[in-house]
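Below is one structure, written out as structure tokens, with a few remarks after it.
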Amino acid sequence: MSTAREIAILGGGMVGGAMARDLLADGDRRVTVADLNGKALERLEAVVGDDPDVRGGLVTLEMDLAVKENVRRAVKDADVVIGAVPGFMGYRTLETVLEEGKLCCDISFMPEDARGLDRVARKNGGGAVVDCGVAPGLSNMMIGHLEAGFRDAGMRMVRASIMVGGLPRTRRWPYEYKAPFSPVDVLEEYTRPARMKRDGRIVTLPALSEVEPVEVPGIGTLEAFNTDGLRSLLWTVDCPDLSEKTLRYPGHAEKMRMLRETGFFSTTPLDIGGCRVTPREVTARLLFPLWRLDEGEEEFTVLRVEAEGEPVGEGQGEGKERRREKHVYHLLDRTDTVKGMTSMARTTGFPCTITARLMLEGKIRPEGVVFPEELGRDPAVFRRILEGLEARGVIIQHHAEGYHTDG
């Protein structure tokens, strides 16, 4: 194993804090966490002080990561950097990290195309695995792994779908939802147009569209709707039919569509009594307190990834029978009540921390910008990530079946 000891985490919120605790459990490194929210850092220090598994050293830096020089200072001594800032800050923050020639594992849901940073990374000798959370992230790894497996078997992936959601265990009116990660990024899910692949072409659909009921074992009936979570899979995976949907309790999408279509999510400023404010700012102020998990409130995270493949060249033509193979990955994770850690923090943070460890060990050395599906295509890396998740109590079920269909 590498003798590298230093990890910097940019962002000390719910997920960033969980990642810090996980890395500190190794006991052989120092973890620096930087965040503007001093209270969040104080909470992390208190939790780390009470956590019997923590053996490493924690350093906290209260600073505004929107300031480039602060990012440079936070990552100065780091061997690996983890990016966990809100999506709207993600691109510029990662750019600064890569300008410093660092290795980075990033989970920020940035609206920009991370490929734009590939040249910056290569020029300065750095590298980054981006979108390395649960979905995008773990879902991409599964799709990449299945695509490679199909290809090795002389097959082609013909359909793949991702469904993911994090929800409170108890439904409470009016929204029956709590945001177990950055609420700002939740609003992005509800407004950012959703890109899918249909019949080999990329199509763009409204977020919150094509609502359908979904039965989830152990949970019951949820609803799924289109969101823009495929991201890099749109151009890195050879599959004509790709989709991603978010899961919520039934009725939530309709409420969010009403708010969106009325203009509550708009970023166009309004002049109200001589003050210029955006509707989204006001909506966020009103919604976010209602979406905050209460102390000790339990939640769960669901991820379901399906992919189908068929032999290349088999069953071509109308009326001909086609042999298909279907694979399903299913994850249902719940709040860790012993550690007081949400399932969303666990399922988002642990794929990132396991990947960061593989970077420290030299098992992963990203050159330029790398996407999670590329990790999934490496059987040894994919196995290490699944084993690491299982060791942390995040259990992923997998099953496969073969069947025939008419062409």
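The residues neighbouring K123, those whose beta-carbon lies less than 15 Å from its own, together hold a net charge of -1 under the Lys/Arg +1, Asp/Glu -1 convention. For the chain, the membrane-span-like helix rule (DSSP H, alpha carbon extent of at least 15 Å along the helix axis, mean Kyte-Doolittle at least 0.5) picks out 14-24, 343-360; this says nothing about an actual membrane.
Packing around the peptides 363-372, 391-400, taken as the average count of other Cβ atoms within 10 Å per residue, puts them in this order, highest first: 363-372, 391-400. Other residues lying with their Cβ under 12 Å from the Cβ of K255 contribute a combined charge of -1, Lys and Arg counting +1, Asp and Glu -1. Summarising the strand pairing of the range 1-98, around 0 percent of its internal DSSP beta bridges are antiparallel. Using the average count of surrounding beta-carbon atoms within 10 Å as a protection proxy, the listed peptides 52-63, 135-146, 75-86 rank, highest first, as 135-146, 75-86, 52-63.
Stokes-Einstein diffusion for the range 138-334 at 25 °C, viscosity 0.890 mPa s, with a Kirkwood radius from C-alpha pairs, works out to 132 µm²/s. When the charge dipole of the chain is built from unit charges on Cβ atoms (+1 for Lys and Arg, -1 for Asp and Glu) and taken about the Cα centre, the candidate among G313, F300, V59 whose Cα reaches farthest toward its positive end is V59.
Of all DSSP bridge pairs formed entirely within the chain, close to 65 percent run antiparallel. Here the range 238-299 and the range 162-196 have alpha carbon centers that stand 8 Å from each other. Determine the sum of side-chain charges near V370: Lys and Arg each +1, Asp and Glu each -1, restricted to other residues whose C-beta is under 12 angstrom from that of V370. Surrounding charge for V370 is -3.
For the range 138-334, what relative contact order do you get, as a whole percent, if you take Cα pairs closer than 8 Å and at least 6 residues apart? Contact order relative to length: 28 percent. Distance between the C-alpha centres of the range 11-57 and the range 214-232: 31 Å, rounded to the whole angstrom.
Volume per residue for the chain equals 150 cubic angstrom (convex hull of Cα atoms). Lys/Arg Cβ at +1, Asp/Glu Cβ at -1, dipole of the range 138-334 taken about the Cα centre: which of P269, L222, L205 is farthest positive-ward? Of the listed residues, the answer is P269. Summary value for the range 186-265: 32 percent relative contact order, contacts being C-alpha pairs under 8 angstrom separated by 6+ residues. Using Cβ point charges alone (K and R +1, D and E -1), the dipole size of the range 219-324 about the Cα centre works out to roughly 360 debye. Taking 20 Å as the limit for the C-alpha separation, the pairs K102/K363; K76/K363; K39/K102; K102/K123; K68/K102 exceed it in the case of K76/K363; K39/K102.
Estimated from helical segments only, the mean residue ellipticity of the chain at 222 nm is -10500 deg cm²/dmol, where each DSSP H run of four or more residues counts as -39500 (n - 2.57).
Computed from point charges on the beta carbon alone (+1 for Lys and Arg, -1 for Asp and Glu), the dipole magnitude for the range 138-334 about its Cα centre is near 280 Debye. Computed from point charges on the beta carbon alone (+1 for Lys and Arg, -1 for Asp and Glu), the dipole magnitude for the range 338-398 about its Cα centre is near 240 Debye.
Any read-out appearing in this document is the output of simple, stated calculations on the displayed coordinates, not a laboratory observation. Please read these numbers as outputs of a predicted model, since none were measured by experiment. Cβ coordinates were reconstructed from backbone atoms using ideal geometry, including for glycine residues, and neighbour counts include every protein chain displayed.
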